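> Okay, here's the structure, questions in a sec.
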Amino acid sequence: MTSNYSKPFLDVDGQLDRLRDRGLVFDREFAYRELQAIGYFRLSGYWYPFRRRPKTPGEPRPSEFVEGATLTEILEIYRFDERLRVEILHALSHIEVAMRFRIGHLLGRRDPFAHNESTALAPDWSMARKRKGNGPNCSTHCTSYASDHEEWMRKQERVEEVSNEAFVAHFNSNYGMPLPVWTATELMTFGHLNRLFAGMTQRDRQQIAVDFDIYQDDGNGDAGALSNWLEHLRQTRNYCAHHARLWNRNHTAPLSVPAAVTEMAHIKGAEGTGALPISRAASRIYGSLVLVTYFLARINHSNETRDRIRTLIEKFASGQPTRLHAMGFPDGWEAETIWQADYGRDEELSSRAYLLRDVELLYNTDAASQLWHKASHKDRASRLGYYRKQGAALSVPGVEAHRYPAFQFDSETGDLFKLVIIANRRLLNGGAGSEEERWTALNWWGAPNNLVPGGLSPRNALEACALTQHMLDTLLVPRNDE
């Protein structure tokens, strides 16, 4: 395609003449120095709001500036945007690192190389797709078939091959390549990490969502909302890393707001309907700031970064409310929960997420399949339901669909461990158990216990084949019906 651009090149003096002719006020020597440091085109995005509005709505703005527009004020906004990007990028680094850990830890618990195993990831990510070739030896009819996972792995392999990180050289010389997932994540860009997250199973993505208190109405983790949030943060990070204008930008990935995340409900606004709200607050930097604050309260357990950014913004917008409006701040934002001095993670949600941190959960179908001593799926599902109602199988509370901790199932017998049945019935009083009883039971299984050799938790003792009937009788009072 041939460009039809025909505007003449202008040197800095010519650019200043044009700006003055259009009504911008500035000291020429000062302006010359600033344009040399920043550039005419780069600054044009910052002076756009100072151009006159069109007489007819929907038409392009005229090139002339509004009366009284000064380069000094435009540069004030530019300098503020620089500082804002630095602060946001610092905050995003904490979120990115936390996501590296959670993805690497969850997948690595299943297999050190789970990120390269299609069986450990979402089935549709491993489906072969037709792809057009664009290499130098490819004709217009050159095509191939590869899955999104294969394409992702090829890129990751190239990243590992060219890395000069000391830990990569150490792994390569001592163990060979590829890297285990908890190491590989340290080399991934935010975008590459997000694609791995998107390729994880629904269950795994939901589990990470729960870790950040992001729930659906049915109590399961809202993997879709977390995916939306990560894409929003990835784009925001790219704006910051590439020095793009940020302060009044319309975001191309407006935020999804789950109903369960009440402190973010206000960014939906009157316009916000459906899964992806289109309110000004959700599509501008205000929404990004709310999201960053939400994450950091669950990662750093601190509002220090939020308060530093807020101070920067309030100083910038002092006496000029239109600046807050341009950033998407809604009326009354100061009164919202997420901006209060004592804002923090809900302690009950935090404790529940902590209990689930290393627990693999199985939904009904997967849990029933573990009971393979029964011949048919119908019989397995029936047995699972019976176990749950009798308090023999522990299901995690708070969701419409039952989820069962995987450690309860004995892969060698295709049944529940007999000691699990006994312990759960004691913990749940021989029935399905109240919500509080089930959380208490899960905590009992995962908490280190001084009465267990080595101070192990009952779950760890079970997995190490160290839990005995005698030990169980010491830990829990036997039931009369045993």
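> Across segment 324-345, what is the total count of residues that are of a type in the set (Gly, Ala, Ser), in a helix (DSSP H, G or I) and under 14 Å from LYS268 (Cβ atoms)?
Start the filter on segment 324-345 by keeping residues that are of a type in the set (Gly, Ala, Ser), which leaves 326, 328, 332, 335, 341, 344.
Narrowing the set further to residues that are in a helix (DSSP H, G or I) leaves 326, 335.
Remaining after also requiring under 14 Å from LYS268 (Cβ atoms): none.
Number satisfying all stated conditions: 0.
> Determine whether ARG298 is touching a Ser or Thr at 6+ places or on another chain (Cβ under 7 Å), within 25 Å of TYR354 (Cβ to Cβ), crowded, with 17+ Cβ neighbours inside 10 Å and not assigned by TED's automatic domain parsing to the domain that holds PRO397.
When the stated conditions are applied, ARG298 does not pass them.
> Which residues, taken from segment 209-241, are assigned to a loop (DSSP other than H, G, I, E, B), charged (D, E, K, R) and under 27 Å from MET327 (Cβ atoms)?
If the condition is that a residue be assigned to a loop (DSSP other than H, G, I, E, B), charged (D, E, K, R) and under 27 Å from MET327 (Cβ atoms), then ASP213, ASP222 are the ones that fit.
Here is a yes/no grid of residues against (1) outside the structural domain of LEU428 (by TED's automatic domain parsing); (2) over 21 Å from PHE409 (Cβ atoms); (3) of a type outside the set (Lys, Arg):
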site	(1), (2), (3)
TRP445	no, no, yes
GLY454	no, yes, yes
ARG459	no, no, no
LEU462	no, no, yes
MET471	no, no, yes
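> Is it the case that LEU362 is within 23 Å of ALA464 (Cα to Cα), crowded, with 17+ Cβ neighbours inside 10 Å and within 27 Å of the chain's Cα centre (by Cα)?
On the way: within 23 Å of ALA464 (Cα to Cα): yes; crowded, with 17+ Cβ neighbours inside 10 Å: yes; within 27 Å of the chain's Cα centre (by Cα): yes.
The answer is yes for LEU362.
> Do we find that GLY104 is touching a Phe, Trp or Tyr at 6+ places or on another chain (Cβ under 8 Å), of a type outside the set (D, E, K, R) and touching a residue at least 12 places away in the same chain (Cβ under 8 Å) in this structure? Don't jump to the end; show me each part of the working.
Values: touching a Phe, Trp or Tyr at 6+ places or on another chain (Cβ under 8 Å): yes; of a type outside the set (D, E, K, R): yes; touching a residue at least 12 places away in the same chain (Cβ under 8 Å): yes.
Spelling it out, GLY104 is indeed touching a Phe, Trp or Tyr at 6+ places or on another chain (Cβ under 8 Å), of a type outside the set (D, E, K, R) and touching a residue at least 12 places away in the same chain (Cβ under 8 Å).
> While we're looking at this one, here's another question. How many of the residues in segment 87-125 are in contact with a helix residue (DSSP H, G or I) (Cβ under 8 Å, 6 or more places away or on another chain) and within 30 Å of GLU314 (Cβ to Cβ)?
The total comes to 11.
> Grab the helices (runs of 4 or more DSSP H) fully contained in segment 1-103, keeping just those with 1 or more residues being surrounded by 15 or more Cβ atoms within 10 Å (Cβ to Cβ), at pLDDT below 95 and assigned by TED's automatic domain parsing to the domain that holds SER227.
Values: elements: 12-21, 28-38, 40-47.
Answer list for segment 1-103: none.
> Moving on. Within segment 180-201, does at least one residue satisfy the condition of being more than 20 Å from the chain's Cα centre (by Cα) and either not in a helix (DSSP H, G or I) or not assigned by TED's automatic domain parsing to the domain that holds PRO112 (or both)? Walk me through how you get there before you give the answer.
Step one: list which residues in segment 180-201 are more than 20 Å from the chain's Cα centre (by Cα), which gives 180.
Within this subset, residues satisfying the condition of being either not in a helix (DSSP H, G or I) or not assigned by TED's automatic domain parsing to the domain that holds PRO112 (or both) are 180.
Yes, that holds for at least one residue.
> Quick one: is GLU157 surrounded by fewer than 18 Cβ atoms within 10 Å (Cβ to Cβ), in contact with an Asp or Glu (Cβ under 7 Å, 6 or more places away or on another chain), acidic (Asp, Glu) and modelled with pLDDT of 95 or more? Reasoning before the result, please.
Numbers: surrounded by fewer than 18 Cβ atoms within 10 Å (Cβ to Cβ): yes; in contact with an Asp or Glu (Cβ under 7 Å, 6 or more places away or on another chain): no; acidic (Asp, Glu): yes; modelled with pLDDT of 95 or more: yes.
So GLU157 fails the test.
The values are calculated or read from the model by the stated rules, or taken from the named source; none is laboratory data. These numbers were taken from a predicted model, which means no experiment stands behind them. With ideal geometry, Cβ positions are generated from the backbone for all residues, glycine too; neighbour counts draw on all protein chains shown.
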